[in-house]
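Each remark here refers to the structure printed beneath this line.
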Amino acid sequence: MKQNAELIKYFPLGVRGFWQNVLKEHEKVEEIRIRADKPMMLKGNGKEWYADKQGQWVKEIKEAYSPGFGEIQELVDYWCKDSRYAYQKELKNGFLTISGGHRIGICGETVLDAEGKIQTIKNISSLNIRFARQCRQAGERILPCLYEKNILQNTLILSPPGAGKTTLLRDLVRRVSDGNEFSEGKVVGLVDERGELAASYQGIPQLDIGLRTDVMDGCSKEEGMIRLLRSMGPQVIAVDELGSMKEIKALFKLSGCGCSILATMHGRSLEEMGRKRMLKSLWKEKIFTRVLLLGREEGRFYSRIYKEADLPDWSTSH
């Protein structure tokens, strides 16, 4: 209930009764999606629910409450402290981060500059509320598999959306940074492009990512990795959701500088990974010596770890 009370303050006074009911199930909530004049949807334990007019969780869409456009604007204004101009950078990037590190994704009408780049988003019509949450047991079972002779191996975590790769990476960073039974604490450079790993608010991490961790928040992954390498002398670099050739090329620079690497990427299977052209060079040069596959079946999570000898030769796959 204490956590529930803490979260209630992030909503306007006039609607806190409604949100009090929504957040009674806080421990189950993974995300809350609000779309103008559409049923409000809640995701918890891998299942989809709805909220009724009182904020109670219901299963039938006919009982669902559909917030109006004005109600969405009220929420956004509250999170922006009635000054959207002050939050223009965040709005331009498609999300707001509020104190506590909680993240609200936004969609609406984009305003473009002369070069066709997004300046801001107005007439916001969709919200995706995701509460920052620490899971201190996430990496407990996995951690022993990532060390060999007390050396942290370069590890790639593969997972479809919603299977826990970011939560796992965050806990692994904390354990590596603070030290564990396999190694003393290491200096970790964490690239947090979207602010989801450290949940930073005004530059300060809101979640525990370890006492030896330095965070590069809000910059591109490829630039963040290189800047951390040049300025902070990390022993380990962690990065979430690799997805471009620029980021892959940055990994090559890291691998030649003595840093261990912890990274994640979207993927549902090893076979799917073998079909991604940009990964062939990684496999050919054996950048990663551990691959961890996460997934979810019938609401239950699973994980499988592959050592270098267990991996197929993706560098020659078509």
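All of the numbers you see were taken from the coordinates with simple rules; none came from a lab. From a predicted model like this one, the values you see are computed outputs, not experimental measurements. Quick reminder, even Gly has a Cβ in these numbers, built from the backbone with ideal geometry, and neighbours come from all protein chains shown.
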Next on the checklist: Residue by residue through region 53-67, what is 3J(HN,Hα) from phi via Karplus (6.51 cos²θ - 1.76 cosθ + 1.60, θ = phi - 60°)? Round to whole Hz and write x for glycine and proline.
Outcome noted: 5, 8, x, 6, 6, 9, 9, 8, 5, 5, 8, 6, 8, 10, x
Next on the checklist: So if I place +1 on the C-beta of Lys and Arg and -1 on the C-beta of Asp and Glu, and nothing else carries charge, what would the dipole magnitude of region 143-316 be about its Cα centre? I want it in debye, nearest 20.
Outcome noted: 460 debye
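Could you tell me the relative contact order of the chain? Use alpha-carbon pairs under 8 Å, at least six residues apart, and round to a whole percent.
Computed over the chain, the figure is 13 percent.
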Checklist entry - Got a sec to turn the phi values of region 28-40 into Karplus ³J(HN,Hα) couplings, 6.51 cos²θ - 1.76 cosθ + 1.60 with θ = phi - 60°, whole Hz, x for Gly and Pro? => result 8, 5, 9, 7, 10, 10, 10, 10, 4, 6, 10, x, 6
Item to check | Interchain or long-range residues, amide H under 5 Å from SER260's placed H | outcome: VAL236, ILE237
Checklist entry - Which links in LYS62/LYS276; LYS47/LYS276; LYS186/LYS249; LYS9/LYS89 stretch past 32 Å when you go from one Cα to the other? => result LYS62/LYS276
Checklist entry - For GLY139, what is the net charge nearby, where nearby means another residue's Cβ is under 15 Å from its Cβ and Lys, Arg count +1, Asp, Glu -1? => result +3
Checklist entry - Loop-only check: which GluC sites (Glu not before Pro) in region 12-97 are DSSP coil with at most 13 other Cβ within 10 angstrom? => result GLU60
Checklist outcome for this item: Per the rule of 0.36 nm per residue minus the C-alpha distance, extending SER83 to ARG141 adds in nm 16.4 nm
Next on the checklist: If you take every residue apart from SER255 with its C-beta less than 10 Å away from the C-beta of SER255, what net charge results, scoring Lys and Arg +1 and Asp and Glu -1?
Outcome noted: +1
Next on the checklist: 5 Å is the cut-off here: which amide hydrogens, built 1.01 Å from N in the peptide plane, fall below it relative to THR213, excluding neighbours closer than 5 in sequence?
Outcome noted: VAL188
Next on the checklist: Shape verdict for region 143-316, please, from the Cα gyration tensor: rounded (a/c under 1.5), prolate (a/b greater than b/c) or oblate.
Outcome noted: rounded
Item to check | Neighbour cut-off at most 13 other Cβ (10 Å), DSSP loop, GluC sites (Glu not before Pro), region 158-230 | outcome: GLU181, GLU184
